[in-house]
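Undergrad: Dropping a structure here in structure tokens format, bear with me for questions.
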Amino acid sequence: MSEAFARYGATERGSGSMADIRKHFEAEAAIYDANIVRLIPHYGEMLDALVSALPFGLGFSPRILDLGSGTGTLSARVLERYPEAEVVCLDMAAGMLSMAQAKLASSRKVSFVQADFSSWEGEGKFDAVVSSLALHHLIDDGAKRVFFAKVKDLLAPGGSFVTADVVLSSDPDLQGMYLNKWRDYMLKAVSASDVDDIWFPSYEREDRPAVLADQLRWLADTGFQAVDVIWKWYNFAVYGGKKPFSQV
């Protein structure tokens, strides 16, 4: 384990407020797309796995909610596959939504909502709720469980929830290995000082990931069916489930 990881105990996990996180994303909006491919392993492959997991036939026009939509990259992938989809992009950072509006300007049925997804009440029902690198900002495990129930309520019967996110292992030794693998990936494009003094401290301060196995259980406990892991690379995963047709 690197010397940098030994310092992480000095920073309280998730000590940054949602206001701090919003400010960070407002400031980073213009460079977010460039940073994400340097910092997140196999980002494009992860999004492809998420979109491929949506169960709609080509030609279908689903109504899809993108929670924490950022600059709209995931929504753009969804619209490549389902050009007639109605997509709602929801993000708390106005700068991110401005980038998304520019990226999705040619799409006819996209709307943009500035709101904190943890408290947004929603409008109507969706055929799918998707999310990329957003739900780990929820304040704690209890909030994530409450949020999964909210997502199920937003879905139409038979609707799908699929998220790509940073996750934790249930084994501390494996978690240490995951972080080392992540660091090795970032070092291909980012200096060691930036990784250890900027990006990992930011992860410790602002991110509140949960154990993947726990999240799968919470989804099932909430009433989701066909809960599964679709794609995984150490501490990054694509996972989700479906709302039963019998539920309204």
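The values are calculated or read from the model by the stated rules, or taken from the named source; none is laboratory data. Only a predicted model underlies this, so the values are computations on that prediction, with no experimental measurement involved. Neighbour counts run over all protein chains shown; Cβ positions are idealised from the backbone, glycine included. Side chains included, ligands, DNA and RNA excluded: accessible areas come from the protein's heavy atoms. Shrake-Rupley method; radii C 1.70, N 1.55, O 1.52, S 1.80 Å.
Undergrad: Against the longest alpha carbon principal axis of the chain, how many degrees, from 0 to 90 and to the nearest 10, is the axis of helix 141-154 turned?
TA: 20 degrees
Undergrad: Express the accessible area of segment 78-143 per residue in Å², computed with a 1.4 Å probe while the remaining protein chains stay in the model.
TA: Working: 2940 Å² over 66 residues.
That works out to 44 Å² for each residue.
Undergrad: Taking the Cα-to-Cβ direction at Ser193 and at Arg108 and moving 7 Å from each Cα, how far apart do the two end points lie in nm?
TA: Placing both labels 7 Å beyond Cα along the Cβ direction yields 5.3 nm.
Undergrad: On a 0 to 90° scale, report how tilted helix 43-52 is relative to the longest principal axis of the chain, with both axes built from alpha carbons and the result rounded to the nearest 10.
TA: 30 degrees
Undergrad: Only Cα pairs within less than 10 Å get springs; with that Gaussian network setup on the chain, which residue of Phe200, Phe148, Phe161 has the largest fluctuation?
TA: Taking springs between Cα atoms under 10 Å, the residue moving most is Phe200.
Undergrad: Please turn the phi angles of segment 87-100 into ³J(HN,Hα) values with the Karplus equation 6.51 cos²θ - 1.76 cosθ + 1.60 (θ = phi - 60°), one per residue in order, whole Hz, x for glycine and proline.
TA: Rounded to whole hertz, the list is 10, 10, 9, 10, 8, 7, 9, 4, x, 5, 5, 5, 4, 5.
Undergrad: Give the residue list of chymotrypsin sites (Phe, Trp or Tyr not before Pro) in segment 183-248 that are DSSP loop and have at most 13 other beta-carbon atoms within 10 angstrom.
TA: Numbers: sites: Tyr185, Trp199, Tyr203, Trp218, Phe224, Trp231, Trp233, Tyr234, Phe236, Tyr239, Phe245; in loops: Phe224, Tyr234, Phe245.
Taking segment 183-248 and a limit of 13 other Cβ atoms within 10 Å, the loop chymotrypsin sites (Phe, Trp or Tyr not before Pro) found are Phe245.
Undergrad: Can you list residues from other chains, or at least 5 along the same chain, whose modelled amide H is less than 5 Å from the amide H of Ala210?
TA: Placed amide hydrogens put Leu168 under 5 Å from Ala210.
Undergrad: With a bin width of 10 angstrom, please list the P(r) values of the chain as percents of all Cα-Cα pairs, from the 0 bin to the one holding the largest distance.
TA: That works out to 7, 32, 38, 19, 4, 0, in percent per bin.
Undergrad: I've got another one for you. Show me the trypsin sites (Lys or Arg not before Pro) within segment 155-248 that DSSP assigns to loop and that have at most 11 other Cβ atoms within 10 Å of their Cβ. Display every interim value, and only then the final one.
TA: Working: sites: Lys181, Arg183, Lys188, Arg205, Arg217, Lys232, Lys242; in loops: Lys188.
Passing both the DSSP loop test and the Cβ count: Lys188.
Undergrad: Rounded to the nearest 500, what is the 222 nm mean residue ellipticity of the chain from helices alone, with -39500 (n - 2.57) per DSSP H run of 4+ residues and division by all residues? Mind showing how you got there, number by number?
TA: Working: 10 runs with 99 residues, N = 248.
Calculated at 222 nm, the ellipticity per residue is -11500 deg cm²/dmol.
Undergrad: Could you work out the longest stretch of the chain that avoids the GluC sites (Glu not before Pro) located in DSSP loops with at most 13 other Cβ atoms within 10 Å?
TA: Values: sites that count: Glu12, Glu84, Glu121, Glu123.
Looking at the chain, 124-248 is the longest stretch - no exposed GluC sites (Glu not before Pro) with at most 13 other Cβ atoms within 10 Å.
Undergrad: Quick one: helix 172-186 against the long Cα principal axis of the chain, what's the angle to the nearest 10°, folded into 0 to 90?
TA: Once rounded, the angle reads 90 degrees.
Undergrad: Here is a follow-up. Could you give me the radius of gyration and the Dmax of segment 190-248, taking only the C-alpha atoms into account and expressing both in angstrom?
TA: Spelled out, the Cα radius of gyration and Dmax of segment 190-248 are 16.4, 53 Å.
Undergrad: Listed here are the pairs Lys109/Lys152; Lys152/Lys232; Lys109/Lys188; Lys125/Lys232; which of them are more than 27 Å apart at the Cα? Walk me through the numbers before you get to the answer.
TA: Numbers: Lys109/Lys152 23 Å; Lys152/Lys232 23 Å; Lys109/Lys188 38 Å; Lys125/Lys232 29 Å.
The pairs that break the limit, which is 27 Å between Cα atoms, are Lys109/Lys188; Lys125/Lys232.
Undergrad: Right, here's the next one. Run through the DSSP bridge list for segment 80-239 and note the antiparallel percent, rounded to the nearest 5.
TA: Working: 8 of 20 bridges.
The answer is about 40 percent antiparallel.
Undergrad: Using every alpha carbon pair in segment 66-154, what percent of pairs falls into each 5 Å bin from 0 up to the bin containing the largest distance?
TA: So the P(r) values, bin by bin, are 3, 14, 27, 25, 19, 9, 3, 1.
Undergrad: How many percent of the accessible area of the chain is carbon or sulfur, using a 1.4 Å probe?
TA: Values: 5730 of 10870 Å².
Accessible surface attributable to carbon and sulfur in the chain totals 53 percent.
Undergrad: Over the heavy atoms of Met92, what accessible area does a 1.4 Å probe trace out, to the nearest 10 Å²?
TA: Here the accessible area works out near 20 Å².
Undergrad: At 37 °C and 0.692 mPa s, grab the translational diffusion coefficient of segment 119-210 from Stokes-Einstein with a Kirkwood Rh over Cα pairs, rounded to a whole number in µm² per second. List each step's numbers first, then the result.
TA: Working: Rh = 15.3 Å.
It diffuses with D of about 214 µm²/s by this estimate.
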